[in-house]
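Below is one structure, written out as structure tokens; comments come after it.
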Amino acid sequence: MAQLEAREAVVEQSAPTRATDTVAYRVATDVRAVRAFVSAWALARGLPADRVELLTLAVSELATNTLQHTTGGGRVRLWAESGQLFCDVVDQGPTRPLGRGMPAADAVRGRGLAIVEQVCDDVAVLASPGETVVRIRLSL
């Protein structure tokens, strides 16, 4: 029940009320800059180093999914409020189902969202006209 309540909390978290920091990406070589941006931003806000690695991994997986499954690239937006760090990975792709679990060990693909769900405190997929947002949350 607590997991369901947490998921509802991240879904109900509206677009940030404070200024966000944003980085865009369009090609695979941009993902390195996205990872550096996310890491530096999270460290500056006091996220412990081990959690910064998890956040960076999650965002890297989501950005890679964008580049592999959509066109036009995407953007990452970060903000912190009330002791929580939020990150939206926004693209123009279809919504992504959550809760599918890790694929078989011999599967070539399909681990990205499962990894994100494992390493983040909460994950939600939000759809609006023309874009899909994967919102992740980690406690600071």
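For this structure, a couple of remarks:
- Remark: Glu131 falls outside the filter, which requires a residue to be loosely packed, with under 14 Cβ neighbours inside 10 Å, at pLDDT 90 or above and among the charged types (D, E, K, R).
- When residues in the stretch 65-113 are screened for being in contact (Cβ under 8 Å) with a residue 40 or more places away in the chain, in contact with a Lys or Arg (Cβ under 7 Å, 6 or more places away or on another chain) and not in a strand (DSSP E or B), 2 of them pass.
- Counted residues, the stretch 2-43 - those being more than 18 Å from Asp91 (Cα to Cα), at pLDDT below 95 and assigned to a helix (DSSP H, G or I): 10
- Unique match (being surrounded by 14 or more Cβ atoms within 10 Å (Cβ to Cβ) and in a loop (DSSP other than H, G, I, E, B)) among Leu55, Leu62, Leu47: Leu47
- Number of residues in the stretch 65-97 that are within 16 Å of Gly130 (Cα to Cα), surrounded by fewer than 17 Cβ atoms within 10 Å (Cβ to Cβ), out of contact with any Asp or Glu (no Cβ under 9 Å at 6 or more places or on another chain) and not polar (S, T, N, Q): the value is 1.
The values are calculated or read from the model by the stated rules, or taken from the named source; none is laboratory data. As the structure is a prediction and not an experimental result, all values here were calculated from the model. Don't worry about glycine lacking a Cβ; one is built from the backbone with ideal geometry, like all the others, and counts go over all protein chains shown.
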